[in-house]
């Protein structure tokens, strides 16, 4: 892997850019690997990268039915934050946030992590109580979060409407300054490049159609559209399709898959300097470096794998955006799209061993998995390599739905859905 | 937006009038307190989440307010049929490809 640097740019400029190499190779699948990762999204590629770099496991294949980073990694709104209520969540999301800081340097790939601040608005007394509780809980866990008055919120984000005459007036906000955004595609590409350079095989257009198990129940490999590929360890990181893959191994999951939509506006000059979220009116917005407003909507109410959603969901979100930012009422929207998110009953992810020996699962990130990409891959690689969870992901088992030891962020309102 | 046929009102109405109420034909045990942890997990948390034909409950919230069941393809979001609550799970599906 040739290092990217200002000298590389100068060198290539002198010789007509003929020396750039492919960022990752596309080898033919081998008959057998030590580890197979199902799903080449951010989480799957990060898992492969940390298996190679931290644990020295390089005989790894990442299988992807479509193209690399073409699922939810390329469809999310790129928001990064760690201001979750519970200790377990704070642990895993802040682990990720610490890895974001310095990820570009580690990968030698600009993931454009921009800690521009994530502001969450309070519109009523209940919101104030909930958000202040989050501020205090976060601080006890060593996570930065602070309370802003409406005037301070407007100072931090000038286009925000804090008029008392608004239908849902802004009564305050919490601000995590280390939160922000990153370039989602670059995260997948950077991890893919780093993993490929260390010998990981990234195999696109290779759909897993079955999971093979030995008579004793242990995993022996996967059937794919490109033939059988053997492995004694298989990690399922398939987002909305995780339950489909797990069913192939005979494991029924506490998951439901829903369409989640997002949209972007035409590009404009810098106007929104941070990320603004509101759970009460249900909208969140940031501005990409290209200038597009990136707006996240909610999930549809029914199980679907269609990667599209209802227009009324987008309309509901845009109503809220116009309420918060009257300046955008005549902004034109360019594109909208949907991704399929796998949601657990407690809205916390599952990163764990499964009842099937050799089968591991990293799923249930629901509507907010992008922010966790580095941390998720890091601890999941540990879980696979050691056949034992990392202390950070130890609480995120499948068994918690039997024992009742849930991580109930669903009721904690840090999650915007 | 989906168009959903309410089997009680006997007409197609826009999705905004309805609330999805999750997977259908999951029976609650009459002795819920004596359920084992395994059985309670299956009843309460585990879902089939199929890519394909799903049997699900809907409620005509802003119409007759009654619950009913529907059969839908989760890939195309096309409804195959709807039927009244309490009716048995249909064996034959009209126009089902698979």
Residues of segment B:18-34 being surrounded by 17 or more Cβ atoms within 10 Å (Cβ to Cβ) and not in a strand (DSSP E or B), in sequence order, are B:18, B:24
Flagged in segment A:377-404 as assigned to a helix (DSSP H, G or I) and either more than 16 Å from residue A:344 (Cα to Cα) or in contact with a strand residue (DSSP E or B) (Cβ under 6 Å, 6 or more places away or on another chain) (or both), in numbering order, are A:377, A:378, A:379, A:380, A:381, A:382, A:383, A:384, A:385, A:386
Take residue A:114 and decide whether it is at pLDDT 95 or above, surrounded by fewer than 22 Cβ atoms within 10 Å (Cβ to Cβ) and touching a strand residue (DSSP E or B) at 6+ places or on another chain (Cβ under 6 Å). yes
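Which one of B:45, B:68 is more than 13 Å from chain A (Cβ to nearest Cβ) and surrounded by 17 or more Cβ atoms within 10 Å (Cβ to Cβ)? First the steps, then the outcome.
Numbers: B:45 fails: more than 13 Å from chain A (Cβ to nearest Cβ).
None of the others qualify; the one that does is B:68.
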Could you tell me whether residue B:76 is farther than 25 Å from residue A:241 by Cα and at the interface with chain A (Cβ under 10 Å from one of its Cβ atoms)? no
Determine the pairs where a residue that is over 23 Å from residue A:120 (Cβ atoms), located within segment A:302-327, has a partner that is assigned to a helix (DSSP H, G or I) with Cβ atoms under 8 Å apart, the partner being 6 or more residues away or on another chain. A:305/A:240; A:305/A:241; A:310/B:15; A:312/B:15; A:312/B:16
Scan segment B:71-80 for residues that are under 17 Å from residue B:14 (Cα atoms) and either buried (at least 18 other Cβ atoms within 10 Å of the Cβ) or touching a residue at least 24 places away in the same chain (Cβ under 8 Å) (or both) and jot them down. B:71, B:72, B:77, B:79, B:80
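Can you name the strands (runs of 3 or more DSSP E) wholly within segment A:273-360 that have at least 2 residues being more than 19 Å from the chain's Cα centre (by Cα) and surrounded by fewer than 18 Cβ atoms within 10 Å (Cβ to Cβ)?
Of the strands (runs of 3 or more DSSP E) lying wholly inside segment A:273-360, those with at least 2 residues that are more than 19 Å from the chain's Cα centre (by Cα) and surrounded by fewer than 18 Cβ atoms within 10 Å (Cβ to Cβ) span A:333-343.
Looking only at strands (runs of 3 or more DSSP E) that lie completely in segment A:129-210, which have at least 1 residues being touching a helix residue (DSSP H, G or I) at 6+ places or on another chain (Cβ under 7 Å) and free of Cβ contacts under 8 Å to residues at least 60 places away in the same chain?
Details: elements: A:146-148, A:172-176, A:201-203.
Here the list reads A:146-148, A:172-176.
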Within segment B:25-41, can you find the residues that are more than 8 Å from chain A (Cβ to nearest Cβ) and within 15 Å of residue A:255 (Cα to Cα)? none
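The values are calculated or read from the model by the stated rules, or taken from the named source; none is laboratory data. The structure presented is a predicted model; accordingly, all values stated were derived computationally and were not measured. Ideal geometry is used to build each Cβ from the backbone, glycine not excepted, and the neighbour counts take in all protein chains shown.
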